[in-house]
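Please treat every number below as a calculation from the coordinates, not as lab data. These numbers come from a predicted model, not from an experiment. Here the Cβ positions follow ideal geometry from the backbone for every residue, glycine too, while neighbour counts run over all protein chains shown.
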Amino acid sequence: MAVTVDARGLSCPQPVILTLDEIKKGSDNEIIILVDTDTSKENVTRAAESQGCRINEVTSEGEGYRIAMTKG
Amino acid sequence: MQGKNIFATRWGIIVVGAIIGILAPLLQKLGNPGNMGICVACFERDIAGAIGMHRAAVVQYMRPEIIGFVLGSMIAAYLFKEYRPRVGSAPIVRFVLGAFAMIGALVFLGCPWRAVLRLAGGDGNAILGLLGLTFGIWIGTLFLKKGYNLGRTQTTHATVGWMLPLIMLGFFILMLIYPQAEGQGQSGVLSYSLKGPGAMHAPLFLSLIVGLGIGFLAQRSRFCTMGAIRDTVLFGQTHLLGGFIALVVVAFVTNLVLGQFNAGFAGQPVAHTMHFWNFAGMTLAGLAFALAGGCPGRQLFLSGEGDGDAAVFVMGMIVGAAFAHNFGLASSPKGVGPHGIAAVVVGLIVCLFIGFTMRRKGV
């Protein structure tokens with residue numbers, strides 16, 4: 001079961017902080033991050049990849065994006 | 001628009017930093033003040049003067065670069081379907097942060113953009129400013145680690161995001177209705193400096209075109225001077241730093257080529273040599289930018305893509321500039337203003353109060 005982090009509506013660098021927190025502490029290997037801007041989408045995927053995560057899928061959802069990743 | 005945003009790659013941001021590094025010294029060559037080809041804080045301060053919010057006669061000019069930054073970003077955001085009207089994340093706090101960011105920047109005499117352009121022009125005082133900026137941002141990262149945040153935005157009407165771009169468009173129209181007249185300090189409702197930095201400017205349309213171009217590129221690349229330092233300190237991520245360093249290096253080379261490089265501390269253009277207050281002014285600015293989530297340029301670009309809270313920060317900066325000159329807070333080449341030191345202390349206390357009290361609670 002994947003854990004979902006809702007980072008929509010948050011300013012830089014909150015989405016990245018929440019993502020990295022989840023990567024560090026989370027017990028789930030599958031993480032889903034919700035963001036609402038393209039900047040956050042780029043920042044979150046860049047940060048996750050730097051932590052060795054694999055980005056499985058980025059899909060448009062509502063006003064933003066749903067980023068599905070697997071911990072490395 | 002789907003697909004990869006090439007400007008958001010490592011080379012993308014480096015190229016954008018390099019382009020700004022060429023254009024800013026060129027604007028200086030074309031008439032902008034020394035080591036001030038682009039300075040977001042100084043130019044917003046000049047705008048505050050042009051509309052009479054302060055009466056410092058030497059810094060009054062409606063800077064088309066700022067207008068271009070906002071409108072260029074908006075054009076890019078619409079073209080690439082990234083325009084997202086949003087608002088409601090602690091706007092009044094952002095206003096206050098904007099005001100104190102401006103006050104801190106005017107104690108140093110420049111925003112982060114100008115700090116690197118001053119360095120690239122040989123002004124050693126910029127080193128103190130950049131160290132202060134980094135220190136202020138570092139304090140900001142401590143708050144971020146402790147859960148500091150401004151809360152969530154809400155999606156809103158497209159009109160909300162149009163407000164700052166429309167204000168900028170209005171400013172530009174005022175410039176066309178009341179153009180600068182030779183030897184006249186006033187043209188209709190607008191003030192124009194007759195001497196000092198406000199009297200030095202590149203031709204209007206060139207300034208506007210460069211502003212539009214940089215606004216466009218910066219929106220695509222997310223160029224942010226504060227973010228460059230913050231991400232390095234906070235995450236060890238050097239993506240934005242690449243653009244920042246490219247700006248310094250290319251501006252340095254461009255200054256050499258144009259004969260604008262002049263190394264030293266004393267007698268630098270629009271600068272003073274009070275090292276501690278150069279440091280402390282930028283500490284205040286850096287902390288305020290970090291708490292607000294973007295450098296002054298980034299706040300303009302965000303405003304162009306629909307972020308109404310960033311627009312409030314911009315208005316805070318313009319009002320802060322008015323306070324800075326009306327209250328004697330801004331520095332001059334002679335040194336800090338009569339109440340500049342008090343303003344830095346008050347500003348730091350306000351920023352610390354905001355940082356300590358706005359913690360994450362189920363955001």
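In what order do B:Phe327, B:Phe276 fall by count of nearby beta-carbon atoms within 10 Å, going from fewest to most?
The most exposed by this proxy come first: B:Phe276, B:Phe327.
For region B:269-363, take every pair of Cα atoms, bin their distances at 10 Å starting from 0, and report each bin as a whole percent.
15, 40, 34, 10, 1
Using only the alpha-carbon atoms, how far is helix A:38-50 inclined from the longest principal axis of chain A? Give it as 0 to 90 degrees, nearest 10.
So the helix axis and the longest Cα principal axis differ by about 10 degrees.
What is the sum of charges, Lys and Arg at +1 and Asp and Glu at -1, for the other residues whose Cβ falls under 15 Å from the Cβ of B:Ala18?
Its environment carries a net charge of +2.
Can you give the local net charge around B:Val93? Use residues other than it whose beta-carbon is closer than 14 angstrom to its beta-carbon, Lys and Arg +1, Asp and Glu -1.
Spelling it out: positives minus negatives among the neighbours equals +2.
Lys/Arg Cβ at +1, Asp/Glu Cβ at -1, dipole of the protein assembly as shown taken about the Cα centre: which of B:His239, B:Leu329, B:Gly306 is farthest positive-ward?
Positive-end residue among those listed: B:Leu329.
Would you mind giving the three semi-axes, in whole Å and largest first, of the ellipsoid equivalent to region B:274-315 according to its Cα gyration tensor?
25, 8, 7
B:Ile209 versus B:Met163, label points 7 Å from Cα toward the beta carbon: distance in nm?
3.4
For region B:194-291, evaluate the Debye formula with one uniform point scatterer on each Cα (no solvent term) and list log10 I(q)/I(0) at q = 0.10 Å⁻¹, rounded to two decimals.
Reported log10 I(q)/I(0), two decimals: -0.41.
Can you tell which of B:Gln28, B:Gln60, B:Gln186 shows the greatest fluctuation in a Gaussian network model of chain B with Cα springs below 10 Å?
Residue with maximal mean-square fluctuation among B:Gln28, B:Gln60, B:Gln186: B:Gln186.
Between region B:239-254 and region B:46-122, how many Å separate their Cα centres?
If you average the Cα positions of each part, the centres end up 20 Å apart.
Stretched out fully, how many nm does the piece from A:Asn29 to A:Thr59 gain, at 0.36 nm a residue minus the Cα gap?
8.9 nm
Among the aspartates and glutamates, which have Cα under 17 Å from the Cα of A:Lys25 when same-chain residues fewer than 8 positions away are ignored?
A:Asp6, A:Glu49
In the Gaussian network model of chain B, springs joining C-alpha atoms below 10 Å, which of B:Leu302, B:Leu287, B:Leu190 carries the largest mean-square fluctuation?
Most flexible of the set in this elastic network: B:Leu190.
Order by neighbour count: B:Val270, B:Val345, fewest other Cβ atoms within 10 Å first, most last.
B:Val345, B:Val270
Quick one: helix A:14-25 against the long Cα principal axis of chain A, what's the angle to the nearest 10°, folded into 0 to 90?
That works out to roughly 10 degrees.
Measure of size requested: the Rg and Dmax of the protein assembly as shown, with Cα atoms as the atom set and Å as the unit; please supply both.
20.7, 72
For chain B, what mean projected area does the convex hull of the alpha carbons give, in nm²?
16.4
Provide Rg over Rh for region B:1-79; use the alpha carbon set for both Rg and the Kirkwood Rh (inverse mean inverse pair distance).
Rg/Rh for region B:1-79 comes to 1.08.
Which residue, B:Gly196, B:Gly37, B:Gly294, tops the fluctuation ranking in a GNM of chain B built on C-alpha contacts under 10 Å?
Highest fluctuation of the listed residues: B:Gly196.
Based on alpha-carbon atoms only, what is the radius of gyration of region B:134-184 relative to the globular estimate 2.2 N^0.38 Å?
So the Cα radius of gyration is 2.05 times the expected 2.2 N^0.38 Å.
Which ordering of A:Thr19, B:Thr155, A:Thr59, B:Thr141 is given by a fewest-first count of other beta-carbon atoms within 10 Å?
Neighbour counts put them in this order, fewest first: A:Thr59, B:Thr155, B:Thr141, A:Thr19.
Would you compute the Debye intensity of region B:105-251 from its alpha-carbon atoms alone, equal scatterers and no solvent, and pass along log10 I(q)/I(0) at q = 0.09, 0.13, 0.14, 0.17 Å⁻¹ to two decimals?
Treating every Cα as an identical point scatterer, log10 I(q)/I(0) equals -0.43, -0.88, -0.99, -1.24.
What are the membrane-span-like helices in chain B by this rule: whole DSSP H runs, Cα extent along the axis at least 18 Å, mean Kyte-Doolittle hydropathy at least 0.0?
B:10-29, B:64-79, B:91-108, B:125-145, B:158-177, B:204-221, B:239-258, B:275-292, B:308-326, B:340-357
FRET efficiency for B:Ile177 and B:Val249, Cβ-Cβ distance as r, R0 = 45 Å, nearest 0.05?
The pair B:Ile177/B:Val249 has a calculated efficiency of 0.65.
Scaled to the compact-protein estimate 2.2 N^0.38 Å, what is the alpha-carbon radius of gyration of chain A, rounded to two decimal places?
0.95
Quick one: which of B:Lys4/B:Lys81; B:Lys81/B:Lys145; B:Lys81/B:Lys146; B:Lys29/B:Lys195; B:Lys29/B:Lys334; A:Lys24/B:Lys146 span more than 23 angstrom between C-alpha atoms?
Going by Cα-Cα distance, B:Lys81/B:Lys145; B:Lys81/B:Lys146; B:Lys29/B:Lys334 fall outside the 23 Å limit.
Just add up the charged neighbours of B:Phe261: K/R +1, D/E -1, any other residue whose Cβ is under 12 Å from the Cβ of B:Phe261.
Once all neighbours under 12 Å are counted, the net charge is 0.
Enter the Cα centre distance for the pair region A:1-35 and region B:3-32, rounded to the nearest angstrom.
32
Across chain B, where is the longest run that never hits trypsin sites (Lys or Arg not before Pro) in a DSSP loop with at most 15 other C-beta atoms within 10 Å?
For trypsin sites (Lys or Arg not before Pro) (loop position, at most 15 other Cβ atoms within 10 Å), the longest site-free span of chain B is B:196-333.
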